[in-house]
Each structure stands twice: as C-alpha cells, then as structure tokens.
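The values are calculated or read from the model by the stated rules, or taken from the named source; none is laboratory data. Just so you know, these numbers come straight off a predicted model, no measurement behind them. Cβ placement follows ideal geometry from the backbone for every residue including glycine, while neighbour counts extend to all protein chains displayed.
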There are 2 protein chains.
Amino acid sequence: MRRKLFIPGPTEVRDEILEAMSIYMFGHRSSDFSELFNRVVPKVQKALYTGNKIFLATSSSTGLMEASVRNCSNKKVLNCMCGAFSDRWNGITKACNLECDQLKVEWGKAIKPEMVDEKLSTGEFDAITFVHNETSTGLMNPLEEIAEVMKKYPDVLFLVDAVSSMMGVKIEVDKLGIDVCLAGVQKCWALPPGLAIASVSEKAIEKSKQVTGKGYYFDFVTMLEKYWDKSQTTTTPTITHIYALDKQLDRIFAEGLDNRFNRHLQMANYVRDWANQYFEMFPEEGYWSNTVSCIKNTRGISIKDLNKELGNRGYTISNGYGKMKEETFRIATMGDLTLDEIKELIDLINEIAQL
Amino acid sequence: MRRKLFIPGPTEVRDEILEAMSIYMFGHRSSDFSELFNRVVPKVQKALYTGNKIFLATSSSTGLMEASVRNCSNKKVLNCMCGAFSDRWNGITKACNLECDQLKVEWGKAIKPEMVDEKLSTGEFDAITFVHNETSTGLMNPLEEIAEVMKKYPDVLFLVDAVSSMMGVKIEVDKLGIDVCLAGVQKCWALPPGLAIASVSEKAIEKSKQVTGKGYYFDFVTMLEKYWDKSQTTTTPTITHIYALDKQLDRIFAEGLDNRFNRHLQMANYVRDWANQYFEMFPEEGYWSNTVSCIKNTRGISIKDLNKELGNRGYTISNGYGKMKEETFRIATMGDLTLDEIKELIDLINEIAQL
C-alpha cells in the first residue's frame, strides 16, 4: 500500500518522476550519456550557486561523507558533533584510520561559531566536518556564521553535509566557501535514493592530489579531472537516477529556487506553530530546521500507534531517531510536499491523537 | 532513440523490469523494506549456490572490488592480471595503499592454475583477486581449476570478480570456495546499473574484523552482522533497484537457472561460429567467454561506421576496449537477450559489412 511520506528520507516522489525512472538503458560511455551529463551538471551548479565541479556518486550520502574525509585530509579532521549523522561522520573518519578530534555538543544544541574558532585556532586541523541540518534532532546549524569563521582558516577544508537541507534551504556554495557540499537525492531533491551529489572545490581537488590511500571508487581526482573532460563518471553510474535528476531539475527551476526554499519555510512554520501549541520543539530555539521538525512528545502518546493509524489512512511520519524513539517524533517538510499536504497530515494527527 | 544493447553492460532491460523501476518510495527502515530484503536475499543465495551472506551495495561493481580488498587483506594481495578490469583491481589495491604483487599475462591469455599455485606457494599472500570473465578481452578464466588450487591455501581469501559472468554462467560459490563473489546488476542480471551484489563468506567477515582503515560505507562487518539481523542495509539503499531485482529473480527462476546458462552458451556459440567464419576470435582458444565475444577485426572494417549504421537500425555493439579499439570489436550475449535477437543482429552486420 502506497503511503505519503512525511519522513526525513526517502521523501515523497511525484508520479512523473517515478515514471521517468522507467527510462530504457543506454551506454554510459556513449554520446547519449555525455549529453545527459552535460545537461545535468550545469543545472546542479546553478542550484548550488557554484562554479565548482560536481561529483555524481552512485552511492548513498554516507559514501560521499567517507569520500570527503578520505580525499581531504592528511593531517587531522575536526568533527563537529551534535546528533546521529555528525556522530556518524566521526565514526567514518575513525574507520578510515584518519587522525581526528571532536567538537561535541549535546543532541539538540547547535554548533556555534566561537566553538569552531577556538578549535581551529590551534592550527592542528586541515579539514572540518559540519552537518548543516541534523536529521536526527531537527536542528539546523548556523552555516553562514560558521562560514564566516572558516574564512580565517583558508588551509582548513570546509566539508558540509547538506544531506537533508540541499534544495530545501538556500546554500550559496561559492559565497560560503564550502569545499565539499554533499547530499543524497532522496531528501529535499525528492528523488528515489541511489545517487549522491557533491560540489567539490579546486582546493579540495588539489588536496586530494597530496593524499594517499584514498582508494579509487570515491577518488575526486580521477572523477573530476580524468573523467570530467569526457563528460563521464569514473565507473558505471546509475543512469536511471541521473536521467530522473535531469527531469527533476527542470521541475525545480519551473517552481523557482527561492519559491522552493520559501515553501519549505512555510511548511516548517506551520508544523512548528502546531507543535508549540500541543507539544514542544526539541532543538534549541533559533535553530529549528526548515526541512524536518523534531518534536518532544510531551503528551506521552504512543508514536508507534499514531503512525500505525496514519499508515492505515495512507500517511507516514517518523518516530524519534535511535535513542530518542517515542520521546520525540519527526515530521519532514521536504522535497515536493506542499503546505496543503502538511495541513492534511496535521488535521489527521489532531483527529487520531484527539488534540 | 532506443537501441537494443549488445554491449557488455548496461545490457538490454526488458520492459516489465523498466516498469518495475517506477515503484513508489517507502522507508528503508520500515517493515516493508525488511520484507523486500527477506524476499530478495534467499533468491540471490539460490542463484549463487551459496549459504553465504549477501552484500547489497548501492554502488557499481568497482565499489565492491574496492570493498573486497579493503576488507580482506592486512598482509599482501595477489592480483591476477589479464585485461582492463583485472588491471583495475590492481590499481584499486594500490590506491588503497595495500601491499600487493602481480601475476600478469598478456591481454587475451588466461590465468592458469599452475601460475597461481607458484605465486601462492611463497606464503606471502592473504588474498587473491581474480577476474572470472574479462569484459575487455572476451576471455573467461578457468574458475574451477583455480578454485582447486585455492583449496591448498585455506588462509588465502579467494576474491572473484564475476561482474560479466554472474547469472550468465553457472558459478557454484560454496562448492568453489569463493570468499567474495561480486557483480553489478547491469550485465547478465539484465537490470539498470546502480546496484552491486556480493556473496561474502564467514572467513571473509572474520578477516574483516582484524582489518583496520577499511572505512564504513563498504564495511562487511557492519553490513553483514549489525544490519543483517534487522534485514536492512547499513546506509540508505537504492530501493528501486532492489525492488526490480526481486522481480527479475522471479523471471530468472521462471526460465530456470540451467536454461539461462545454456541460452548464454548457445548465443555465444552462434557468435563464435560466425566470427570464425569471417574474422578471428581474439582470446586464447579454450577460454572464450560465454557472455561477451571479443573478435579480431581481421578485415579492417571501420567498427565506428558499422556501429553507426547499426545504430540507425536500432542496434548497438561495442568497439574494442581502450587500446584495442578498431583492432577488435565486441558482441555481448548477456542477460535477457535471445538467440533470435543475436541472429537478427548478425544478419544486420552481414548486410551492412557486406560479408
């Protein structure tokens, strides 16, 4: 049974995009593919406000999180940790045997610029990992303020996980000086999972040239120099997803980027107002995410039962992440969802939970 | 314009599978996904004649080639090289900073069991990489004979790239003692690219536990122990492909595994007979691949022009790989193609090249 997804990935995919996933196959070393590549890449650059090269990875976002630390550090990585996904980046860095240190705040609290400044002033680091939007806690870190601090440290690469914010929140990659800005397509891009996207700066590519042991599959240099000029990917890509991405980019520009970002904010505001009336927002005030609201279950209702009832009516939300199950729940306002659909959902929750 | 693919990947995908790619999304941490996972995995095990766990990777086959050496060696890898893809595995091993040595034969020649035996008898190695079917040269290495040798070396992990043979040639993983048997789905599986599959032995998982620096995305232990019990994948998978794989497995079993493998042999025999009449087979006799025939262009025809003419009529074959372009050409007999379709293609080539 098909259910409308208000979970933070995968998100609802519109029928015309699902239909585009049926595209017949063609060779990934053919001119047909290169034409597709040359159509898609400039559109992705426009959507990310960047002239940087674009890495199209047949992987989940986690693959590109690993790629970015593997390619961009041969000294020490600073991992800014405030939730499950920033914790994961720290785990990945360790699993790659890379030197690292942690800047850690409580789940639900934001990473503040002065904290980053203090750590980086030691001169120990050549890269920082930073999760823009923590899907686990519904917290949006202050990207612009952190970017200001990063300008003091031009030798430290700025690696940003924008997994659950890219295409839902304006991220001006070049203006902010982001060296690697990465996401999967199953969140605000509103495509089925299976493709991840990163913009990669020249500085990051140059760094990668000095790094050994980074492997082949996620090597920035091979992809963004050797294959880039041929308008191809290093290895066989998920042609289906790249074709659908091209279609989705057209839909995104037809809506307009600013309209898209505003729609996300409006949907989030509606959920926040409702949450503040009946529950409480989980994250620190002033840092609420525009794409996923994490709500404290102050009424102690059974989120599992609520979701089961919603499921019977063709809707799904998310329970809290990991250790925060039942204590919190999450409503995603991502991708191609509309304010009307959010209202429908909230009305249903009110009815089921008798609010 | 849609063209029928006789190239060694991606291969022709049948319409009902393309239609299955339009499946609506559902959560990868939901019971819907776990049910899909639990349907797919036993079928893959059956198709590979194995009780080993199955790694479903959102990546190309190259990702799993990298995974296998990263997870399975902390001593020295022996790379058996006889073409572009076995060369690639050697390059990957080096790019991962792993110790390795090479067993190298000329392109088009086979890796022989005595060569492997001699190298392994030094006791230097803890893993061997072996490409079953070299897509670049149309050569099928003697997997069974090599497997016999491997039985003398139980401490050396047997890593097999079956990228362009799996599902086109019978590979009895457990009987042959293959520790990692990997492939992408865009060859004989006849699905669109974007998913790679490997069976992984307990021995390989145990080895992985002793290895550091292997990263997170392709970690065998995390996927095959931590997430296996939840019937989930470590990170967000390409749900679309896994759904289509389930449908395709049903089609494969409806045909019958032995029938499928025989059909591949019949198609290859037809191409070989034709090639021997008008051209010459490229690889060493006795080692011709059942899934891709690499043919010496002894008549000096323009393969590029031939393919252009074929393209106009809705068909595509492959030029030679890399340095063998124009000197050779390749006809794939992979996946769901039928003998009748091969005959149609050969008739067209005869007509265009005036043979």
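Being buried (at least 18 other Cβ atoms within 10 Å of the Cβ), in a loop (DSSP other than H, G, I, E, B) and of a type outside the set (D, E) is the filter here, so list the residues in region A:1-23 that pass it.
Matches in region A:1-23: A:R3, A:F6, A:I7, A:P8, A:G9, A:P10, A:T11, A:V13, A:M21, A:S22, A:I23.
What are the residues in region A:1-27 that are among the charged types (D, E, K, R), more than 8 Å from chain B (Cβ to nearest Cβ) and under 19 Å from A:H241 (Cα atoms), if any?
If the condition is that a residue be among the charged types (D, E, K, R), more than 8 Å from chain B (Cβ to nearest Cβ) and under 19 Å from A:H241 (Cα atoms), then A:R14, A:D15, A:E16 are the ones that fit.
How about region A:237-261: which of its residues are in contact with a Ser or Thr (Cβ under 8 Å, 6 or more places away or on another chain) and outside any helix (DSSP H, G or I)?
Scanning region A:237-261 gives A:P237, A:T238.
If you check A:L337 against the conditions, is it in a helix (DSSP H, G or I) and aliphatic (A, V, I, L, M)?
Spelling it out, it is not the case that A:L337 is in a helix (DSSP H, G or I) and aliphatic (A, V, I, L, M).
Please tell me if A:Q277 is polar (S, T, N, Q) and under 30 Å from B:F33 (Cα atoms).
Against the criterion (polar (S, T, N, Q) and under 30 Å from B:F33 (Cα atoms)), A:Q277 does not qualify.
Residues to consider are A:T129, A:T135; find the one that is under 16 Å from the mean Cα position of the chain (by Cα), more than 26 Å from B:L56 (Cβ to Cβ) and either aromatic (F, W, Y) or within 14 Å of chain B (Cβ to nearest Cβ) (or both).
A:T129
Might you let me know whether region A:62-73 holds any residue that is within 14 Å of chain B (Cβ to nearest Cβ), touching a strand residue (DSSP E or B) at 6+ places or on another chain (Cβ under 7 Å), under 24 Å from A:C188 (Cα atoms) and β-branched (V, I, T)?
There is at least one residue in region A:62-73 that is within 14 Å of chain B (Cβ to nearest Cβ), touching a strand residue (DSSP E or B) at 6+ places or on another chain (Cβ under 7 Å), under 24 Å from A:C188 (Cα atoms) and β-branched (V, I, T).
Mind telling me which of the residues B:S68, B:S30 ends up being more than 17 Å from the chain's Cα centre (by Cα) and of a type in the set (S, T, Y)?
None of the other options fit; the residue is B:S30.
Go through (1) touching a strand residue (DSSP E or B) at 6+ places or on another chain (Cβ under 6 Å); (2) charged (D, E, K, R); (3) free of Cβ contacts under 8 Å to residues at least 40 places away in the same chain for A:K4 and report which single condition fails.
Failing condition for A:K4: (3).
Tally up the residues in region B:161-202 that are free of Cβ contacts under 8 Å to residues at least 60 places away in the same chain and within 9 Å of the chain's Cα centre (by Cα), please.
1
Would you kindly identify the strands (runs of 3 or more DSSP E) lying entirely within region B:157-205 that contain at least 2 residues that are within 13 Å of chain A (Cβ to nearest Cβ) and at pLDDT 95 or above?
So the answer is B:180-184.
So, in region B:203-220, how many residues would count as being over 23 Å from the mean Cα position of the chain (by Cα) and aliphatic (A, V, I, L, M)?
Total meeting the criteria: 1.
With the requirement that a residue be surrounded by fewer than 21 Cβ atoms within 10 Å (Cβ to Cβ) and either away from chain B (no Cβ under 13 Å) or under 12 Å from A:P8 (Cβ atoms) (or both), what does region A:290-309 give you?
Answer for region A:290-309, where residues must be surrounded by fewer than 21 Cβ atoms within 10 Å (Cβ to Cβ) and either away from chain B (no Cβ under 13 Å) or under 12 Å from A:P8 (Cβ atoms) (or both): A:K296, A:N297, A:T298, A:R299, A:G300, A:I301, A:S302, A:D305, A:L306, A:E309.
Taking region A:171-190, which residues are among the basic types (K, R) and closer than 20 Å to A:V13 by Cα?
A:K187
Please enumerate the residues belonging to region B:184-198 that are hydrophobic (A, V, I, L, M, F, W, C) and in contact with a Ser or Thr (Cβ under 8 Å, 6 or more places away or on another chain).
Listed by number, the residues that qualify are B:C188, B:A190, B:L195, B:A196, B:A198.
In this structure, is A:M267 part of a helix (DSSP H, G or I), crowded, with 20+ Cβ neighbours inside 10 Å, within 23 Å of the chain's Cα centre (by Cα) and not assigned by TED's automatic domain parsing to the domain that holds A:G168?
Taking the combined requirement at face value, the residue satisfies it.
Filtering region A:160-207 down to residues that are closer than 24 Å to A:N74 by Cα and β-branched (V, I, T), which residue is surrounded by the fewest Cβ atoms within 10 Å (Cβ to Cβ)?
Result: A:I205.
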